[in-house]
Protein chains: 2
Amino acid sequence: MATATRRMRKIINEPDQVVKESLAGLAASVPDVLRYDVANQILVRADAPVKGKVALISGGGSGHEPLHGGFVGVGMLDAACPGEVFTSPVPDQMLAATKAVNGGAGVIHIVKNYTGDVLNFKMAADEAADEGIKVEAVVIDDDVAVQDSLYTAGRRGVGATVLAEKIGGAAAERGDSLEAVLGFIRQVNARGRSFGIALSSCIPPASGNPIFDLPEGEMEVGIGIHGEPGRRRAPLGSAAEIADIMVEAVTSDLAAKAGSNVLAFVNGMGGTPLLELYLLYGEIDKRLRAAGLTPVRNLVGSYITSLEMAGASLTVLELDDQLTALWDAPVHTAALRWGG
Amino acid sequence: MATATRRMRKIINEPDQVVKESLAGLAASVPDVLRYDVANQILVRADAPVKGKVALISGGGSGHEPLHGGFVGVGMLDAACPGEVFTSPVPDQMLAATKAVNGGAGVIHIVKNYTGDVLNFKMAADEAADEGIKVEAVVIDDDVAVQDSLYTAGRRGVGATVLAEKIGGAAAERGDSLEAVLGFIRQVNARGRSFGIALSSCIPPASGNPIFDLPEGEMEVGIGIHGEPGRRRAPLGSAAEIADIMVEAVTSDLAAKAGSNVLAFVNGMGGTPLLELYLLYGEIDKRLRAAGLTPVRNLVGSYITSLEMAGASLTVLELDDQLTALWDAPVHTAALRWGG
C-alpha cells in the first residue's frame, strides 16, 4: 500500500491504477451507452461504428471528469481517449479510437489546445489517413486568460470543448455531412470564450502533492484546467466581484452584438459545490443581461474539472437558431442526458 | 465585508445571504422548470398547482444541493422548502408550499428523519389540514449507520430521499392516487438502505469553521449528511476497503433475496470528484454482484451533499418492475433530467 495514497483525501486504490479503474467503473455504470476497450484505454460508444455517420472523438489527460468519457454516447462523442491524470493520451489510443468509430463518413478529432494533445492527435490523424480514413481536426482555444501559456502556443482549450462536443455531436447524429459538422464545431470555437478562477489547488494522485500553493483567502485569476497560473494572484473576492471579472473578460473578448442570445456555462472545477455554482450563476446572469446579452440557455455544474480543485469557470457562447436547436437535441451520455 | 467570508475557499457574498442568493440563481437558470417565491423562501414547480395531480413537497436544511431544489420539476417534486444551511425550514414555508402546489388530489410531505424537519413538517401538515388540504407525510430513515443519532430519534434520512422523490414523483405525474403514490414512497423507504463515509469536514459559511476535525489519512465511517459522527473513526482505507464496508453494511441490513435487482446510488458528498465516484462505483458493482444482487439501474454523482465535504455514500434500493418503470419515467428538473 502506497503511503502517499492513504494520506490524501481520495477514494482510490493504488495511485497508478486510478485512471484505469475509474474508466472501468464508468463503463460498468452505463453499459448501454459505451464500452471500455481496456487494451487501447479508450471508451467507445456502445453501437460504434455507426455506418454513414460522421464520428467525433476527443481526449486528453484524465482528471477533468466527466470530460471526455462522460460525454460518449448518442448525440455527443463516439469515443474518448483518456491519458493518465493531466497527461496527454498517446497516438496509438487515438488511432485505435479512430478505427473503432469510423463509419465511413469521416472522423473529427476535437482537440483541446495543449501541446501534447495537439501533437499526438496530429500523428494519429496522419496514420489514420494512411489507412484510408478521412480525418479532420478542430483545435479548441477558447480561454481568454492568456495568449500563450505553460503548456500551449496560443490560447488554452477549456469549457467550449464541452459545448463543441454537444453541438457537433447533435449535428453528426442527425446525419449532417463532415463539412457541416466541422462547420458547427468551428463556429462554437469561434463564438465561445472562457475564463476561470481557482480557490484551491488539486492534488494529483501520483504525486500526492498540491500542484501549486494557494493560501486560503487568495484566488488564482485566469487559471487553466491544470491549475496553470493565469493572469494574477489576488485576494479572494466576493461572488459578485468574481462574476465581474469573469463576465468582463469573456464579453470584452467575444464582442458579441448587443441583443445577442448566448449560452452561459457556469462550470465547477470539482471541489466547489452546487450551492455556490447556483449563486454564481445568478450573479453572472444579471451581468450578462446588463451587458446586453440574453442567456437563453445555460449549463450549471461540474463538467470540465481539475480533480477536486475549488473554483469555477464561465464559458459564453453566442447562439444562433441552428446552434440552439443542436444544443436542445437529445443526448444520452453518462454526464449529459435529455430528450429522446 | 465579513472577514470570515474571504478566508474560506467559497464563491459567495455575505454568508447570511448564501441560501437566498443560491435559490435565486437556481431559479434564474431554470425559469421554465420552477419559480422562486422569495417571500416564503420556497421553490415551486413553474406550472403549480397542477389540477388533479398528487403534489410532492420536500425540504430541509440547505447545504445538500442539488437536494431538494434541484429536484423540483415535472416528474419529481412540486415544491422544495429550503432552510438556512444545515437548519430546518420553518412550518410557514411548508404551509405556503403546501397551499401553492395543492391541486386537489392531496399533498405528500417527504421528510428526512431529522428532529427539526419532522416537527416542523408535522405542524405545517396540521395547519394545512385545518384549511381543508389533505396532507400525508412519509419520514425517510434509510441510514443504517446508527440507530439513533445526534439529531434524530431512529435512523437518519439520507440517500433514499432522492430515490423516493424520483419514484414518487413519477407515480404522481402519471396520475396515480394519493394512496398509490404514498405506497411507492413507503416502499422505497422500506426497501432502501444507505451508508456514508467522510474524508473531510465541510465549512458552513456562517461560522467559517469546520464542523469537525478530521486529519488527512483518516475517515469518519457512518456519517450523516451534516458530518454527524457515525460508527467510528478509522485510518483512511482504499476504495476497495471502503466499498467492502459500504456494501456489507447496506446489504446485511437490507437482506434482499438473492437474485434481486437493485438500484445502486453512489453519491458524492460535494468535494469528491467524479473520477473517484466512477472508480468507487466499479468496486461496488462487483461486490453487489458477488453478494447475489444485480445492479440493473444506478445513479453516480453528487446529489445529496454536505457542502464541499469529501466523501461518498451508497444507497441500495431493491427494485421490482413497477419501481424500475417509475425510475425510468421522464423527469425534467435542474439536477435530474431525461426522457420526455
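The values are calculated or read from the model by the stated rules, or taken from the named source; none is laboratory data. What you see is a predicted model; the values in this text were computed from it and never measured. Don't worry about glycine lacking a Cβ; one is built from the backbone with ideal geometry, like all the others, and counts go over all protein chains shown. Only protein heavy atoms, including side chains, enter the accessible area calculation; ligands, DNA and RNA are left aside. Shrake-Rupley method; radii C 1.70, N 1.55, O 1.52, S 1.80 Å.
Look at (1) in contact (Cβ under 8 Å) with a residue 60 or more places away in the chain; (2) in a helix (DSSP H, G or I); (3) within 23 Å of A:LYS51 (Cβ to Cβ); (4) open to solvent by less than 10 Å² (accessible area, probe 1.4 Å) and you find that A:ALA100 fails only one, number (4).
For the stretch A:224-235, the tally of residues that are surrounded by fewer than 21 Cβ atoms within 10 Å (Cβ to Cβ) and touching a residue at least 24 places away in the same chain (Cβ under 8 Å) stands at 2.
The residues in the stretch A:127-168 that are open to solvent by less than 10 Å² (accessible area, probe 1.4 Å) and more than 17 Å from the chain's Cα centre (by Cα) can be counted, and the count is 1.
Just to be sure before I move on: is B:LEU34 hydrophobic (A, V, I, L, M, F, W, C) and without any contact (Cβ under 8 Å) to a residue 60 or more places away in the chain in the structure I sent? For B:LEU34, the condition - hydrophobic (A, V, I, L, M, F, W, C) and without any contact (Cβ under 8 Å) to a residue 60 or more places away in the chain - is not met. Report, by residue number, each residue of the stretch A:195-223 that is open to solvent by 10 Å² or more (accessible area, probe 1.4 Å), away from chain B (no Cβ under 12 Å) and of a type in the set (Gly, Ala, Ser). Hits for the stretch A:195-223 are A:ALA206, A:SER207.
Taken together, the criteria place A:VAL18 among residues that are in contact (Cβ under 8 Å) with a residue 40 or more places away in the chain, touching a Pro at 6+ places or on another chain (Cβ under 6 Å) and of a type in the set (Val, Ile, Thr). Residues that are more than 20 Å from B:SER302 (Cα to Cα) and in contact with a Gly (Cβ under 9 Å, 6 or more places away or on another chain) within the stretch B:146-158 comprise B:VAL146, B:GLN147, B:ASP148, B:SER149, B:LEU150, B:TYR151, B:THR152, listed in sequence order.
Per-residue answers, yes or no, for (1) within 14 Å of chain B (Cβ to nearest Cβ); (2) out of contact with any helix residue (DSSP H, G or I) (no Cβ under 8 Å at 6 or more places or on another chain):
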residue	(1), (2)
A:ASN40	no, no
A:LYS51	no, yes
A:GLY60	yes, no
A:GLU65	yes, no
A:SER88	no, no
A:ILE110	no, no
A:GLY116	no, yes
A:LEU119	no, yes
A:LYS122	no, yes
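For B:GLY340, the conditions (1) over 19 Å from the mean Cα position of the chain (by Cα); (2) assigned by TED's automatic domain parsing to the domain that holds B:GLY208 are fulfilled apart from (2). Just one of the listed residues (A:GLU21, A:GLU84) is modelled with pLDDT of 95 or more, facing chain B (nearest Cβ under 10 Å) and open to solvent by 10 Å² or more (accessible area, probe 1.4 Å), and it is A:GLU21. When residues in the stretch B:224-235 are screened for being within 14 Å of another protein chain (Cβ to nearest Cβ) and at pLDDT 85 or above, 3 of them pass.
The set of residues in the stretch A:67-81 being touching a Phe, Trp or Tyr at 6+ places or on another chain (Cβ under 8 Å) and away from chain B (no Cβ under 14 Å) consists of A:LEU77 alone. Can you tell me which residue in the stretch B:325-340 is farthest from B:LEU163 (Cα to Cα), limited to those that are surrounded by 15 or more Cβ atoms within 10 Å (Cβ to Cβ) and more than 12 Å from chain A (Cβ to nearest Cβ)? Step by step, filter the stretch B:325-340, then rank; the result is B:ALA329. For the stretch B:236-324, the strands (runs of 3 or more DSSP E) that sit wholly inside it and include 2 or more residues that are more than 14 Å from chain A (Cβ to nearest Cβ) and crowded, with 24+ Cβ neighbours inside 10 Å are B:311-318.
Contact annotation: residue pairs with Cβ atoms under 8 Å, 6 or more positions apart or on different chains, pairing a residue in the stretch A:317-338 that is touching a residue at least 24 places away in the same chain (Cβ under 8 Å) with a partner that is among the hydroxyl-bearing types (Ser, Thr, Tyr), are A:GLU318/A:SER260; A:LEU319/A:SER260; A:ALA334/A:SER29; A:ALA335/A:TYR303; A:LEU336/A:TYR303.
Here's the yes/no breakdown for (1) farther than 20 Å from A:ALA310 by Cβ; (2) more than 20 Å from the chain's Cα centre (by Cα); (3) modelled with pLDDT of 95 or more; (4) open to solvent by 10 Å² or more (accessible area, probe 1.4 Å):
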site: B:LEU43; (1), (2), (3), (4): yes, no, yes, no
site: B:GLY52; (1), (2), (3), (4): yes, yes, yes, yes
site: B:GLY59; (1), (2), (3), (4): yes, no, yes, no
site: B:HIS64; (1), (2), (3), (4): no, no, yes, no
site: B:GLY73; (1), (2), (3), (4): yes, no, yes, no
